[in-house]
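The values are calculated or read from the model by the stated rules, or taken from the named source; none is laboratory data. Values in this document were obtained by computation on a predicted structure and should not be read as measured data. Counting neighbours? That spans all protein chains shown, and the Cβs are built from the backbone with ideal geometry, glycine included. Just the protein is used for accessible areas: all its heavy atoms, side chains included, with ligands, DNA and RNA removed. Shrake-Rupley method; radii C 1.70, N 1.55, O 1.52, S 1.80 Å.
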Amino acid sequence: MIRHQTDNIRRRDDVALDGLSFMLADVQDNLGAFLTGLLAAYGWPAADIGVAIAAGGAGAVTARLLGGWALDRLSSRRGILAGCCVVTALSVAIAALFPGFWQIACVHFLAGGAGALFSPLLAAISRQTAGDDGYMTRMGRNESFNHMGNAVVACSMSVVGSTVGPLAPLWAIGGLAGVSLLLVGVLTSRADAGEVRARDTAPDMAKGRETVCVLADGRLLVFLTCYLLFNLANGATVPLMIERQAAFHLGSVSSMTALCVVIAQATMVPVAFLIGRSAGHRPRKPPFLVALAVQPLRDLLIISSAGWPTICAAQILDGVSSGIILVLFYAVLSDLASNGGRRNLLIGVGLAAGTVGALLSNFGSGLLASAFGFNTAFLALAGSGIVVFFLFLLAMPETHEMQISSTTRAAPTGPLHQRPCAEQGR
């Protein structure tokens, strides 16, 4: 009977996480795009649209930095997730009803922050509901449903937006946030279970030193730099493809956008699922290097042709690259946090670094494309991808082997390995 109850609880959490990953994908990833379309339809100047959208990025960076820190100290994850859903729904409603400049900028800051917390919250809940052994499998499944939701919902909203009007996708995003709020209620109390750590009884000063020690780990700094540079190399590729399509009148921009989203997201679904199932017992570095090598190849392919077959091939490569990295991101940070803790803080800092990289990518590539043409911008993105590949190859150690060895023998003390905080404090 007890085993039957345990299975029911696990199944209930799995269903809730599947639904949340599917529903919140579009809320998290596409609100800015649909808001841009709405403001453009209202005749806003490009500069004002840029500021309003940038406000969402600033909210995302702020929320991920503070949210990761808070999730290591708070266990009321269902309450925080429900609050984020409410904030998103209210922000979307205000943006739709009162489309003034300051209203849009403020509510997009709030909505961007709330949406940015969905990923670390679902990661923290997945850790508690699936346990250490099932964590990476669960994260791969989360990413699969996330990409499936992006593909399905984005296409549906594109159709709705073109037939009903630009306000329709915004109201739909608010509705998805409302449905997600119901799914939060399906989660069991395991989602709020406290994370048991050996050092929870340490004084506050010792915990502060431990946090500084974890954040100063050389491996973490290398990985965060690589993740920022990957997003710098990858973030602007699709927007540039769409801008090139419009500038040279190469075909329907809306069809191009839908094609890019659907092909990449559909490719990520099986890739993320398979990587998640294998990440628990396989090294991180080889597949990560494969994903990093694919990204500059994709940019060079895009330079060669703007035809549909080339675009499809490029987006398949994007799906492979991003599908691998988005899952292994959590695996590497989990490895690095295994001794010092602060897993949620590391995830928040990592996601914030990725957001900064994507913002810089769009800003810098836009300037390059305006001054020197699209091919120059794509070459710069490819160059950034090559730099991050060699940085990861030469400077990043294998964290999975490090995690295994730390449980069976003393942790290594070489230049690329950080000694435990307790040892450093002696």
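Restricted to Cα atoms, segment 280-321 shows a radius of gyration and a Dmax of 12.4, 40 angstrom. In segment 75-121 the Cα-Cα distances spread across 10 Å bins starting at 0 as 30, 48, 19, 3 percent of all pairs.
Estimated from the Cβ-Cβ distance and a Förster radius of 45 angstrom, the FRET efficiency linking residue 41 and residue 133 is about 0.35.
Specify, per residue and in Å³, the volume enclosed by the convex hull of the alpha carbon atoms belonging to segment 66-194. Value for segment 66-194: 101 Å³ per residue.
Applying 1/(1 + (r/R0)^6) with R0 = 41 Å to the Cβ-Cβ distance of residue 313 and residue 86, what FRET efficiency is obtained, to the nearest 0.05?
Numbers: r = 42 Å, r/R0 = 1.02.
E between residue 313 and residue 86, to the nearest 0.05, is 0.45.
Ranking of 136, 23 by solvent-accessible surface, largest first: 23, 136 (1.4 Å probe, protein heavy atoms only, all chains present). Between residue 179 and residue 11, the simple label model (points 7 Å from Cα in the Cβ direction) yields a spacing of 2.3 nm. A 1.4 Å probe run over segment 58-111, with the rest of the protein chains in place, finds 46 Å² accessible per residue. In this structure, the amide hydrogen of residue 217, modeled 1.01 Å from its nitrogen in the peptide plane, lies closer than 5 angstrom to no residue at least 5 positions away or on a different chain.
Note on residue 355: accessible area is roughly 20 Å² with a 1.4 Å probe, heavy atoms of protein only. Here the Kirkwood formula puts the hydrodynamic radius of segment 307-377 at 14.7 Å, using every distinct Cα pair. In percent, rounded to a whole number, the relative contact order of segment 256-318 is 51, using alpha-carbon pairs under 8 Å and six or more apart. Coupling constants for segment 383-399 follow from the phi torsions by the Karplus curve (6.51 cos²θ - 1.76 cosθ + 1.60, θ = phi - 60°), and in residue order they are x, 4, x, 5, 4, 5, 4, 6, 4, 5, 4, 8, 10, 9, x, 7, 6 Hz; glycine and proline get x.
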